[in-house]
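Participant: Handing you this structure, nothing more for now.
What follows is calculated from the coordinates using simple rules that are stated; it is not laboratory data. Remember, predicted model here, so these are calculated numbers, not experimental data. Reconstructed Cβ throughout: ideal geometry from the backbone, glycine too, with neighbour counts over all protein chains shown.
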Amino acid sequence: MKILINGIQSNLRFSSAHIIPGHESCGYIHGHSYFVDVEIEGERAGDFDFVVDFKDVKKYTKSMCDELDHRMLIPVYNELIDIKDFDKNNDSIFDLKKELTVYLKIDGKGYSIPSVDCVFLPLPYTSAEELSKFFAETLAKKLSEDYDNLEYVSICVNEGIGQGAVYRKDIK
Ligand SMILES: [Zn+2]
């Protein structure tokens with residue numbers, strides 16, 4: 001059986017700035033009011049014969065949304081992004097958070113941004129495609145700690161109404 005959670009109606013939303021380096025129109029800093037739809041399939045199990053407790057799914061998904069909300073999303077592993085004093089192959093993303101200001105070159109353009117204004121993501125892009133994959137993998141991992149009856153977690157990250165990308169993470 002499947003459960004569905006509608007991101008708009010369940011307040012699984014975030015508003016963030018991003019950039020798609022090298023893209024003709026999305027290569028400039030701009031923002032979206034995102035929302036995240038969740039679909040999970042699995043056997044019904046446990047004391048209440050649930051697939052999964054809605055409360056758990058909403059709690060974990062909401063906390064991911066809150067982390068990204070009102071920030072600039074930086075895809076650290078994009079090949080057109082260079083971050084001053086940061087070696088993508090050796091340095092930890094967590095160290096970037098400790099910097100007061102990050103100095104970036106994005107497709108040759110220079111930016112300096114307070115690091116508290118950013119979220120550094122271990123991704124090549126912050127497209128709806130990459131964000132849905134990131135959400136699905138993170139949520140599947142988190143739910144797998146508590147549930148062993150789930151078959152997949154599917155996430156649609158919408159960049160606004162009528163435009164989203166779906167990624168399905170199989171668990172079994
Ligand atoms: Zn965009």
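Participant: Which of the strands (runs of 3 or more DSSP E) found entirely inside the range 94-172 contain at least 2 residues meeting this: free of Cβ contacts under 8 Å to residues at least 40 places away in the same chain and either surrounded by 17 or more Cβ atoms within 10 Å (Cβ to Cβ) or of a type outside the set (S, T, N, Q) (or both)?
Facilitator: Working: elements: 101-106, 109-114, 118-121, 150-158, 164-170.
Qualifying strands (runs of 3 or more DSSP E): 101-106, 109-114, 164-170.
Participant: Give the residue, chosen from Asp49, Asp82, Asp95, that is more than 16 Å from the ligand (Cβ to nearest atom) and at positive phi.
Facilitator: Asp49
Participant: Looking at (1) surrounded by 15 or more Cβ atoms within 10 Å (Cβ to Cβ); (2) out of contact with any His (no Cβ under 8 Å at 6 or more places or on another chain); (3) under 30 Å from Asp146 (Cα atoms), which is the one condition that is false for Leu73?
Facilitator: So Leu73 meets the others, but not (2).
Participant: Please specify each residue of the range 12-35 satisfying the condition of being loosely packed, with under 13 Cβ neighbours inside 10 Å and more than 11 Å from the ligand (Cβ to nearest atom).
Facilitator: Glu24
Participant: In addition: Of the residues Asn78, Asn89, which single one is surrounded by fewer than 17 Cβ atoms within 10 Å (Cβ to Cβ) and not aromatic (Phe, Trp, Tyr)?
Facilitator: Working: Asn78 fails: surrounded by fewer than 17 Cβ atoms within 10 Å (Cβ to Cβ).
Matching residue, one of Asn78, Asn89: Asn89.
Participant: Ok, one more. Mind listing whichever residues of the range 31-58 are touching a residue at least 40 places away in the same chain (Cβ under 8 Å) and under 16 Å from Val157 (Cα atoms)?
Facilitator: His32, Ser33, Tyr34, Phe35, Val36, Asp37, Val38, Glu39, Ile40, Val57, Lys58 - these are the residues of the range 31-58 that are touching a residue at least 40 places away in the same chain (Cβ under 8 Å) and under 16 Å from Val157 (Cα atoms).
Participant: Another question, then. Do any residues in the range 19-30 that are over 15 Å from Glu159 (Cα atoms) have Cβ atoms under 9 Å from those of residues that are in a loop (DSSP other than H, G, I, E, B) and near the ligand (Cβ under 9 Å from one of its atoms), where the two are at least six apart or on different chains, and which pairs are they?
Facilitator: Gly27/Ile19; Gly27/Ile20; Tyr28/Ile19
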